[in-house]
Amino acid sequence: MLRDECGYHGAQPYWDWTLDTPASKFIDSPIFDSVYGFGGNGPLIPVNASNNEVPGRTGGGCVKHGPFRNMTVHLGPFASLERNDQCLKRDLAPEYAAKFLSHDKLAEVLLHSDYGWFARTLEGGTSWDDSQIHAGGHFGVGGTYGQMGDPFASPADPIFWMHHANLDRVWWSWQKKDLAERLRDMSGPIVIQDWSNAQAGNVTLEFPLSLGYNNWDKTIKDVMDIGPLCYSYDELY
Ligand SMILES: [Cu+2]
């Protein structure tokens with residue numbers, strides 16, 4: 001639609017966060033540039049004791065610079081279905097981000113030979129010490145108060161799409177290391193973090209993907225190969 005209806009002829013960008021580590025480089029990353037990027041941090045808001053403080057958070061308020069400074073987010077916090085207009089917020093956590101978005105952490109993920117361990121390693125655990133690259137991008141940008149740290153409202157921050165495009169690039173990089181095998185390798189819990197399958201079973205290649213609004217119902221099997229999805233990556237890890 002961007003190409004056909006809006007005349008867009010550029011690429012779909014991704015955020016290679018490994019380039020923005022160590023922590024001393026994070027806040028000055030070009031992705032947060034206020035002219036050429038997505039704008040940066042919000043001003044520091046002291047943490048409320050009832051909130052789960054992301055280690056080393058530095059912001060929390062409304063994004064004040066860049067193209068999204070006047071953006072209104074309608075959803076959130078969390079699973080609320082009520083319209084709730086608010087500003088776009090960021091709460092950058094450089095030390096946390098750099099710890100979990102490093103080349104070393106990425107290497108741990110890519111080392112696995114089956115998808116189940118690849119995905120489980122990419123997700124990490126539920127404590128701040130036990131995160132991994134997925135959480136690294138979310139809480140490194142969203143901290144305690146930014147939308148990126150909210151599992152429901154995070155897609156409201158345009159940076160979300162850059163982070164998830166890169167996670168897709170990580171997955172494709174991993175698949176390309178043994179493509180014939182890995183185009184068919186799928187597992188993992190249906191319910192998030194339910195590694196012991198206490199709440200539901202594992203996904204399979206037949207698992208349905210409903211894109212509702214986009215009127216496109218497929219199964220996981222149909223999206224294992226990015227070739228038929230008509231895109232590729234300029235560089236793989
Ligand atoms: Cu995510």
Label-zone membership for the range 97-136, site GLN199, 7 angstrom Cα→C-beta point, backbone N under 19 Å | 119-128, 131-132, 134-135
To the nearest 20 debye, the range 95-163 has a Cα-centred charge dipole, built from +1 on Lys and Arg Cβ and -1 on Asp and Glu Cβ, of 100
Taking H placed 1.01 Å from N in the peptide plane, check which residues at least 5 places from THR219 or on another chain put their amide H under 5 Å from its amide H.
-> LEU209
For the range 14-180, whose charge dipole is built from +1 on Lys and Arg Cβ atoms and -1 on Asp and Glu Cβ atoms, the candidate among PHE78, PHE38, PRO67 with its Cα farthest towards the positive end is PRO67
Dipole of the range 14-180, Cα-centred, from +1 at each Lys and Arg C-beta and -1 at each Asp and Glu C-beta, to the nearest 20 debye?
-> 300
Checked the range 1-93 against the a/c 1.5 cut and the a/b vs b/c comparison, axes a ≥ b ≥ c from its Cα gyration tensor; verdict oblate
State the Cα centre-to-centre distance between the range 178-192 and the range 13-51 in whole Å.
-> 31
A 1.4 Å probe over the protein heavy atoms gives the chain a carbon and sulfur accessible-area percentage of 56
Post the alpha-carbon centroid distance, the range 80-102 to the range 136-170, in whole angstrom.
-> 7
Please name whichever of SER127, ALA107, LEU2 sits farthest to the positive end of the charge dipole of the chain, dipole taken about the Cα centre and charges placed at Cβ: Lys and Arg +1, Asp and Glu -1.
-> LEU2
Amide H to amide H under 5 Å from GLY60: which residues, 5+ apart in sequence or cross-chain, H placed 1.01 Å off N in plane?
-> GLY42, ILE45, ARG90, ASP91, LEU92
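Please go through the range 26-130 and write out the GluC sites (Glu not before Pro) that DSSP classes as loop and that have at most 10 other C-beta atoms within 10 Å. Each step should come with its number before you reach the end.
Details: sites: GLU53, GLU82, GLU95, GLU108, GLU123; in loops: GLU53, GLU82.
For GluC sites (Glu not before Pro) across the range 26-130 that sit outside H, G, I, E and B with at most 10 neighbouring Cβ atoms in 10 Å, the list reads GLU82.
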Relative contact order for the chain, counting Cα pairs under 8 Å that sit 6 or more residues apart, in percent | 16
Compute the accessible area per residue over the chain, keeping the other protein chains in place, probe 1.4 Å, unit Å².
-> 56
Rounded to 0.05, the calculated FRET efficiency for the beta carbons of ASN51 and SER232 at R₀ = 41 Å is 0.50
Would you work out which of ALA93, THR204, LEU167 lies farthest towards the positive end of the dipole of the chain? Charges go on Cβ: Lys and Arg +1, Asp and Glu -1.
-> ALA93
Heavy atoms only, probe 1.4 angstrom, no DNA, RNA or ligands counted: give me LYS105, LYS177 ranked by accessible area, highest first.
-> LYS177, LYS105
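Where does each of MET71, MET162 land when they are ordered by accessible area, with a 1.4 Å probe and the largest first?
MET71, MET162
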How long is the gain from LYS218 to SER34 if the chain were fully straight, where each residue apart is worth 0.36 nm and the alpha carbon distance is subtracted?
-> 62.4 nm
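The values are calculated or read from the model by the stated rules, or taken from the named source; none is laboratory data. Given the structure is predicted, the values throughout are model-derived calculations rather than measurements. Note: ideal-geometry Cβ built from the backbone for every residue, glycine included; neighbour counts use all protein chains shown. Quick note on the areas: whole protein, heavy atoms, side chains included, nothing else; ligands and nucleic acids left out. Shrake-Rupley method; radii C 1.70, N 1.55, O 1.52, S 1.80 Å.
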